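Chemist: Input: one structure, supplied below.
Every read-out reported here was derived from the displayed coordinates using simple, explicitly stated rules and does not represent laboratory data. The model shown is predicted, which means the values in this text are computed figures rather than measured ones. Every residue, glycine among them, receives a Cβ derived from its backbone with ideal geometry; neighbour counts consider all protein chains shown.
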Amino acid sequence: MDNFLDIYDLSLNKKGEELCGDKVKFRRTGSKTTIVLSDGLGSGVKANILATLTAEILITMLNADVPLEEVIKTVIGTLPICQVRKIAYATFTVIQINHEANKFKVINFDNPPILYFKKGKLVQLESKKEQILDKKITFCEGDLERGDFLGAVSDGVLYAGLGETLNFGWGWENISKYIENLFVRQVNTARNIVHHVISETHSLYRGKMGDDATFVGLYLRKRYPLMVFTGPPLEKAKDKTYVDRLLNFDGRKIICGGTTGNIVAKYLGETIEMDIATMRKDLPPIGKLKEIDLVTEGILTISKAIELLRDSHCDPSRIPVDSNGAVMLAKEILNADSILFLVGQKINDFYQNPLLPKNISIRRNLVEELVKILQTKQKEVTIEYC
């Protein structure tokens with residue numbers, strides 16, 4: 001399995017504000033990934049506008065390889081002026097990853113220093129400063145290997161607990177030690193690390209946020225791939241080809257659909273064992289089959305899984321606690337980094353709407369709907385029709 005650049009961010013709004021004054025944006029291309037954390041002046045709507053504009057300008061221009069001085073000029077010239085302070089101001093941290101060279105570069109303007117961990121231990125990066133348009137910009141760079149973690153925080157995390165639970169706030173050193181302890185406990189995704197840090201931030205503020213607080217983390221780790229085989233292939237003669245692809249896939253394997261499951265079971269010389277305890281009023285039970293991680297019914301289960309993903313906004317912690325096929329399918333999908341949907345195009349007339357043309361499959365439409373949801377959450381998704 002190849003490496004996966006796991007990126008996750010989470011924010012807490014200042015008490016009484018509907019909008020966060022921090023903004024995170026990231027963009028992946030074939031050769032590089034650019035991540036921006038911007039902290040707008042003040043809080044609320046004005047800060048949100050400042051941060052959003054700054055993040056959008058930075059990520060667009062830097063991704064297009066525009067020189068940094070030109071980028072800074074554009075940021076300063078574009079931001080609206082705060083009527084109270086008479087300045088246009090937003091701090092920012094930029095992390096750029098070069099995938100080909102496995103290197104990273106950090107550009108920081110007035111944000112807390114980057115947090116860099118190698119094998120779970122904090123590493124101090126050498127930095128240099130440059131003056132660009134009267135702005136002091138800090139640069140640092142390094143190599144990126146599997147197991148490395150980079151984190152960027154806004155001031156709200158740094159000063160968590162100030163005057164409440166801590167005299168001088170949480171502080172960069174204490175945050176670093178906290179993350180090191182997380183690695184001792186074998187936290188294995190960016191989401192887990194970020195959630196722990198933001199949860200602790202919330203606790204230190206005693207739930208009364210004195211400032212917007214944001215943490216974005218990126219973690220280079222082993223990829224968790226998933227293949228979902230649903231629907232029998234159009235040509236029965238190709239059943240064996242696609243079953244072989246599923247069984248030889250290097251990752252988690254799911255079958256959605258009774259006919260599809262029977263094709264794989266026949267090839268294996270096995271019988272699908274139904275788990276009646278997972279049956280619900282609106283959902284058939286899951287099945288158990290050697291070499292396959294999850295076997296579910298097709299159309300109804302996929303449809304319900306889509307509903308769960310929408311309702312939870314693709315947050316695994318908001319998926320209901322229940323042992324049914326749709327919940328299991330939704331969790332498997334959210335836990336995967338890259339997902340390959342192998343979609344058979346032979347139509348099951350039982351599920352086909354007679355008012356639709358025969359070449360439009362309900363199964364195909366559901367999978368395409370599911371893919372759109374996942375792509376908005378930066379999942380790497382591929383559909384292959386068979």
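Chemist: Please state, as a whole number in µm²/s, the translational diffusion coefficient that the Stokes-Einstein equation yields for the chain at 10 °C and 1.306 mPa s, with Rh defined as the Kirkwood radius across alpha carbon pairs. If you can, show how the numbers build up before the last one.
Modeler: On the way: Rh = 23.2 Å.
The diffusion coefficient I find is 68 µm²/s.
Chemist: Counting only C-alpha contacts under 8 Å and six or more residues apart, can you give the relative contact order of region 165-285 as a whole percent?
Modeler: Values: 88 pairs, mean separation 21.2, N = 121.
So the answer I get is 18 percent.
Chemist: Which residues does a label at Q186 reach in region 216-246, if reach means a backbone N under 20 Å from a point 7 Å past the Cα toward the Cβ?
Modeler: Inside the label zone: 219-225.
Chemist: Something else now. Within the set of other residues whose C-beta is less than 11 Å from the C-beta of N111, count the net charge using Lys and Arg as +1 and Asp and Glu as -1.
Modeler: Working: positive: none; negative: D22, D39, D110, D155.
Spelling it out: positives minus negatives among the neighbours equals -4.
Chemist: Let me ask you something else. With point charges of +1 on the Cβ of Lys and Arg and -1 on the Cβ of Asp and Glu, referenced to the Cα centre of the chain, which listed residue (L41, L162, M209) lies farthest in the positive direction of the dipole?
Modeler: Farthest along the dipole direction, towards plus: M209.
Chemist: Let me ask something else about it. Convert 37 °C to kelvin, take the viscosity as 0.692 mPa s, use the Kirkwood radius over C-alpha pairs of region 1-66 as Rh, and evaluate the Stokes-Einstein diffusion coefficient in µm²/s, rounded to a whole number. Working shown, then result.
Modeler: On the way: Rh = 13.0 Å.
Stokes-Einstein gives a translational diffusion coefficient of 253 µm²/s.
Chemist: Could you give the length gained on full extension between S312 and A237, defined as 0.36 nm per residue of separation minus the Cα-Cα distance, in nm?
Modeler: Extra length from S312 to A237 when fully extended: 23.0 nm.
Chemist: Where does the longest stretch of the chain lie that holds no chymotrypsin sites (Phe, Trp or Tyr not before Pro) found in a DSSP loop with 13 or fewer other Cβ atoms within 10 Å?
Modeler: Working: sites that count: F168, F350.
Here the longest segment lacking exposed loop sites spans 169-349.
Chemist: Let me ask another. In whole angstrom, note down how far apart the Cα centers of region 213-253 and region 101-133 are.
Modeler: 35 Å
Chemist: Give the Kirkwood hydrodynamic radius (Å, one decimal) of region 295-344, defined as one over the mean of 1/r across all pairs of different Cα atoms.
Modeler: 11.2 Å
Chemist: Mind checking the dipole of region 206-260: about its Cα centre, +1 per Lys or Arg Cβ, -1 per Asp or Glu Cβ, Debye to the nearest 20?
Modeler: Working: 11 positive and 6 negative charges, 38 e Å.
Once rounded to the nearest 20, the dipole reads 180 debye.
Chemist: I've got another one for you. Within the P(r) computed for region 33-155, what percentage of the Cα pairs occupies the region above 20 Å?
Modeler: Numbers: 3287 of 7503 pairs.
The share of Cα pairs beyond 20 Å in region 33-155 comes to 44 percent.
Chemist: How big is the charge dipole of the chain about its Cα centre, in debye rounded to the nearest 20, if each Lys and Arg gets +1 on its Cβ and each Asp and Glu gets -1 on its Cβ? Before the final figure, lay out the partial values.
Modeler: On the way: 51 positive and 49 negative charges, 51 e Å.
Value, rounded to 20: 240 debye.
Chemist: Projected onto the charge dipole of the chain (+1 at Lys/Arg Cβ, -1 at Asp/Glu Cβ, origin at the Cα centre), which of T301, N248, V153 gives the Cα projection farthest towards the positive end?
Modeler: The listed residue farthest towards the positive side: T301.
Chemist: When the Kirkwood radius is taken over all Cα pairs of region 89-165, what Stokes-Einstein diffusion coefficient follows at 20 °C and 1.002 mPa s, in µm²/s?
Modeler: On the way: Rh = 13.8 Å.
Result for D is 155 µm²/s.
Chemist: Same structure, new question: Report P(r) for region 217-280: all Cα-Cα distances, bin width 5 Å, range 0 to the bin holding the largest distance, values in whole percent.
Modeler: With 5 Å bins starting at 0, P(r) equals 4, 15, 22, 22, 14, 10, 7, 5, 2, 0.
Chemist: Under 8 Å for C-alpha pairs, at least 6 residues apart: give me the relative contact order for region 292-352, rounded to a whole percent. It would help to have the intermediate numbers written out before the result.
Modeler: Values: 36 pairs, mean separation 19.6, N = 61.
Relative contact order, region 292-352: 32 percent.
Chemist: With point charges of +1 on the Cβ of Lys and Arg and -1 on the Cβ of Asp and Glu, referenced to the Cα centre of the chain, which listed residue (T259, L144, C386) lies farthest in the positive direction of the dipole?
Modeler: Of T259, L144, C386, it is T259.
Chemist: Just how many % of Cα pairs in region 247-333 lie over 17 Å apart, if you round to the nearest whole percent?
Modeler: On the way: 1732 of 3741 pairs.
So the pairs more than 17 Å apart make up 46 percent of the total in region 247-333.
Chemist: Can you tell me the alpha carbon radius of gyration of region 227-386 divided by the globular rule-of-thumb value 2.2 N^0.38 Å?
Modeler: 0.98
Chemist: A follow-up question, please. If I model a spin label as a point 7 Å beyond the Cα along the Cα-Cβ vector, how far apart are those points for N335 and K103 in nm?
Modeler: Computed distance between label sites N335 and K103 equals 3.8 nm.
Chemist: Now for a different question. With only alpha-carbon atoms in the gyration tensor, what are the semi-axes of the equivalent ellipsoid for region 146-231, in Å, largest first? Present the calculation step by step, with values, prior to reporting the outcome.
Modeler: Details: eigenvalues 184, 42, 21 Å².
After scaling each eigenvalue by five and taking roots: 30, 15, 10 Å.
Chemist: Nothing charged except the Cβ atoms of Lys and Arg (+1) and of Asp and Glu (-1): what's the magnitude of the dipole of region 125-247 about its Cα centre? Round to the nearest 20 debye.
Modeler: Details: 17 positive and 17 negative charges, 127 e Å.
The calculation lands at about 600 debye.
Chemist: So for the pair D293, E270, with labels modelled 7 Å out along Cα→Cβ, what separation do we get in nm?
Modeler: 1.5 nm
Chemist: Would you calculate the separation in nanometres between label points at E56 and S127, each defined as 7 Å from the Cα along the Cα-to-beta-carbon direction?
Modeler: Once both label points are built, they end up 2.9 nm from each other.
Chemist: Semi-axes, largest first, in whole Å: what does sqrt of 5 times each Cα gyration tensor eigenvalue give for region 103-143?
Modeler: Working: eigenvalues 100, 20, 10 Å².
So the equivalent ellipsoid measures 22, 10, 7 Å along its semi-axes.
Chemist: Using Cα pairs closer than 8 Å and at least 6 residues apart in sequence, work out the relative contact order for the chain, in percent. Show your work: numbers first, answer last.
Modeler: Numbers: 784 pairs, mean separation 55.0, N = 386.
Normalised by residue count, the contact order of the chain is 14 percent.
Chemist: Which is the longest run of the chain containing none of the GluC sites (Glu not before Pro) found in DSSP loop states (not H, G, I, E, B) with at most 14 other C-beta atoms within 10 Å?
Modeler: On the way: sites that count: E18, E100, E126, E145, E164, E235, E270, E291.
The longest such stretch corresponds to 292-386.
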